[in-house]
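The structure under discussion appears below in the form of structure tokens.
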Amino acid sequence: MLSPPKISPATEKDCSAMTEVALTAKAFWGYSDEFMRGCEAVLTVTPRMIAEWESGVIERKGHIAGFYLASFEPGEAELQLLYVSPLHMVKGLGQALMNEAAQKAARLGYGHLRIEADPNALGFYRRMGAKQVGWCRSEVEDARELPLMSLPLKPIR
């Protein structure tokens, strides 16, 4: 059995590599060039995000293969970004990252993790135990609605 991947906190130097992973993973689903240009601002990982949110990165051969960013505000834990490079999809990295974010939220006492899901990631989040609880507006296209998911968390003592 393979050991779980090592997940390390992101640093400022990881921002551009994380942004590249996010944009490459999003483009993998065949979105138009115009839509992808609209995604750049939302998917650009900044030093401020690294400083203010919890993060985790998985490296493979010296390169970031996947990452997550999660915010923990009073009353609400939210998965902000979770992306795995297309070269490393379907290898359990997304599951490991999701588990790490969920465990951090549970340790902090949150009852669920809020997820604004890309429609192409709906199956993944459902397999992780999240349920769709509604819809939310896309930050990229105002007329586009995204599935709003909630992952119930088990308390950790």
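Considering 65, 105, 70, 101, which residue is over 18 Å from residue 153 (Cβ atoms), open to solvent by less than 10 Å² (accessible area, probe 1.4 Å) and touching a residue at least 24 places away in the same chain (Cβ under 8 Å)?
Checking each option against the conditions leaves just 65.
Would you mind telling me which numbered condition in (1) within 21 Å of residue 7 (Cβ to Cβ); (2) modelled with pLDDT under 95; (3) surrounded by fewer than 16 Cβ atoms within 10 Å (Cβ to Cβ) residue 120 fails?
Going through (1) within 21 Å of residue 7 (Cβ to Cβ); (2) modelled with pLDDT under 95; (3) surrounded by fewer than 16 Cβ atoms within 10 Å (Cβ to Cβ) one by one, residue 120 breaks only (1).
Note down all Cβ pairs under 7 Å where the first residue falls in segment 24-46 and is closer than 16 Å to residue 65 by Cα, the second is assigned to a loop (DSSP other than H, G, I, E, B), and they're at least six residues apart or on different chains.
Listed pairs, sorted by first residue: 24/85; 25/85.
Which of the residues spanning segment 1-50 are at pLDDT below 90 and of a type in the set (Phe, Trp, Tyr)?
Correct list: 35 only.
When you check residue 61 against the structure, is it more than 23 Å from residue 147 (Cβ to Cβ) and either at pLDDT below 95 or not aliphatic (A, V, I, L, M) (or both), yes or no?
So residue 61 passes the test.
Restricting to segment 30-61, what's the tally of residues that are of a type in the set (Gly, Ala, Ser) and either within 17 Å of the chain's Cα centre (by Cα) or closer than 29 Å to residue 106 by Cβ (or both)?
4
Quickly run through segment 1-46 and pick out the residues that are open to solvent by 60 Å² or more (accessible area, probe 1.4 Å), of a type in the set (D, E, K, R), more than 18 Å from residue 141 (Cα to Cα) and part of a helix (DSSP H, G or I).
Selection gives 12, 13, 20.
State yes or no: is residue 77 surrounded by 19 or more Cβ atoms within 10 Å (Cβ to Cβ), more than 24 Å from residue 130 (Cα to Cα) and in contact with a helix residue (DSSP H, G or I) (Cβ under 6 Å, 6 or more places away or on another chain)?
no
Please tell me if residue 143 is crowded, with 21+ Cβ neighbours inside 10 Å, of a type in the set (Gly, Ala, Ser) and either modelled with pLDDT of 90 or more or farther than 18 Å from residue 23 by Cβ (or both).
no
The values are calculated or read from the model by the stated rules, or taken from the named source; none is laboratory data. Given the structure is predicted, the values throughout are model-derived calculations rather than measurements. Note: ideal-geometry Cβ built from the backbone for every residue, glycine included; neighbour counts use all protein chains shown. Heavy atoms of the whole protein, side chains included, go into the accessibility calculation; ligands, DNA and RNA do not. Shrake-Rupley method; radii C 1.70, N 1.55, O 1.52, S 1.80 Å.
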